[in-house]
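Notes follow once the structure below has been shown.
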Amino acid sequence: MTRYRLVEHAPGAPGLRWFGMGPDLRPSRGLLKLRRLFQKHAFWAQDRSFRELQRMLAGSDVVVSLWRGKRLVGFGRATSDGIHRAVLWDVVVAGDLQGRGLGRRVVEALLSAPAIRQAERVYLMTTNSAGFYKQLGFEPAAPQQLLVRKQ
Ligand SMILES: CC(C)(COP(=O)(O)OP(=O)(O)OC[C@H]1O[C@@H](n2cnc3c(N)ncnc32)[C@H](O)[C@@H]1OP(=O)(O)O)[C@@H](O)C(=O)NCCC(=O)NCCS
């Protein structure tokens, strides 16, 4: 049976950020693998450099990675003020392993982290995976609107 290991990193994921740590706190070239996972399977995050990924992790309150052996197969992160507002970001599962419940595992791990659990409202943005998140208890936020600052 295939074994997947879910890693709940410390806030800011210092081990992953500096040493590429994966399961059992082993250096696993995790940052390189995260960059590849984004390049291949996350259309919105394809151009992130190592330095940007390090800053991204440093600024994340909750970070989860999912491994199959030495392969990084899933990832998700969240920011939170710990009481009022939290946002999930960058949830992704490797294409060949999608549809097997791994995305659900990543999101459930994010949602059960204290910093997210204790937040009054949890938001996320998605382009084409609303159906996935509806299964996990999210709903459209109408009448709220999503605005983005002009470039
Ligand atoms: C979206 C994504 C994270 C889902 O992960 P996954 O491992 O494929 O999803 P799961 O197998 O855990 O699915 C959990 C449930 O959601 C359903 N589901 C998955 N994707 C769905 C979709 N796009 N629309 C509707 N339902 C979906 C599954 O059928 C499953 O339902 P079940 O429990 O009744 O069987 C993954 O497909 C992915 O990485 N996609 C590309 C990147 C992306 O678009 N990420 C979202 C960014 S906001």
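The values are calculated or read from the model by the stated rules, or taken from the named source; none is laboratory data. Since the structure is predicted, the reported quantities are computational estimates derived from the model, not experimental observations. Neighbour counts run over all protein chains shown; Cβ positions are idealised from the backbone, glycine included. Only protein heavy atoms, including side chains, enter the accessible area calculation; ligands, DNA and RNA are left aside. Shrake-Rupley method; radii C 1.70, N 1.55, O 1.52, S 1.80 Å.
With θ set to phi - 60° and the Karplus curve 6.51 cos²θ - 1.76 cosθ + 1.60, what are the ³J(HN,Hα) couplings of the stretch 119-126 in order, to the nearest whole Hz, using x for Gly and Pro?
Whole-Hz 3J(HN,Hα) from phi for the stretch 119-126: 7, 5, 10, 10, 10, 7, 10, 9.
Multiplying the sequence separation of Ile83 and Leu147 by 0.36 nm and subtracting their Cα-Cα distance, what value in nm do you get?
Gain on extension, Ile83 to Leu147, equals 20.8 nm.
Grab the DSSP H runs of the chain that are 4 residues or longer, score each as -39,500 (n - 2.57), total them, divide by all residues and round the 222 nm result to the nearest 500 deg cm²/dmol.
So the calculated ellipticity at 222 nm is -8500 deg cm²/dmol.
Leaving out ligands, DNA and RNA, what percent of the accessible area of the chain is carbon and sulfur, probe 1.4 Å?
The C+S portion of the solvent-accessible surface of the chain is 51 percent.
Could you tell me which of Ser60, Gly76, Ala86 has its Cα farthest along the dipole of the stretch 1-87 towards the positive end, charges placed at Cβ (Lys, Arg +1; Asp, Glu -1), taken about the Cα centre?
Gly76
Test of understanding: in a Gaussian network model of the chain with alpha carbons linked when under 10 Å, which of Leu72, Leu16, Leu25 would top the mean-square fluctuation ranking?
Top of the fluctuation ranking is Leu25.
Across all directions of projection, what mean area in square nanometres is found for the Cα convex hull of the chain?
Here the figure is 9.5 nm², rounded to one decimal.
For Leu32 and Met125, what does the FRET efficiency come to when R0 = 35 Å and r is the distance between their Cβ atoms, rounded to the nearest 0.05?
Result of the calculation: an efficiency of 0.85.
When ligands, DNA and RNA are left out and all protein chains stay put, how many square angstrom of accessible area per residue does the stretch 5-134 have with a 1.4 Å probe?
For the stretch 5-134, the solvent-accessible area averages 54 Å² per residue.
Students often forget the sequence filter, so: which aspartates and glutamates lie under 19 Å Cα-Cα from Lys33 once same-chain residues fewer than 8 apart are removed?
Glu8, Asp24, Asp47, Glu52, Asp90, Asp96
Using DSSP to call loops (not H, G, I, E or B), can you name the trypsin sites (Lys or Arg not before Pro) in the stretch 1-87 whose Cβ has at most 13 other Cβ atoms within 10 angstrom?
Passing sites in the stretch 1-87 are Arg3, Lys70.
Once each part is reduced to its C-alpha centroid, what is the distance from the stretch 71-140 to the stretch 6-38 in angstrom?
Taking the Cα centre of the stretch 6-38 as reference, the centre of the stretch 71-140 is 18 Å away.
In sequence order, what are the phi-derived ³J(HN,Hα) couplings for the stretch 83-89 according to the Karplus relation 6.51 cos²θ - 1.76 cosθ + 1.60 with θ = phi - 60°, rounded to whole Hz, with x for glycine and proline?
8, 9, 9, 9, 9, 8, 9
Determine the gain in length on full extension of the stretch Asp24-Glu139; use 0.36 nm per residue of separation and subtract their C-alpha separation, reporting nm with one decimal.
Once the chain is fully extended between Asp24 and Glu139, it gains 37.8 nm.
Please compute the net charge surrounding Leu136, taking Lys and Arg as +1 and Asp and Glu as -1 over other residues with Cβ under 9 Å from its Cβ.
Net local charge, Leu136 excluded: +1.
Sequence-distant or interchain residues sharing an amide H contact under 5 Å with Met21, placed H: which?
Under 5 Å from the amide H of Met21 lie the amide H atoms of Leu16, Ser28, Gly30, each far enough along the sequence or on another chain.
Please compute the contact order of the chain in relative form: average sequence separation of alpha-carbon pairs under 8 Å and at least six residues apart, divided by the residue count, as a percent.
Reported as a whole number, the value is 20 percent.
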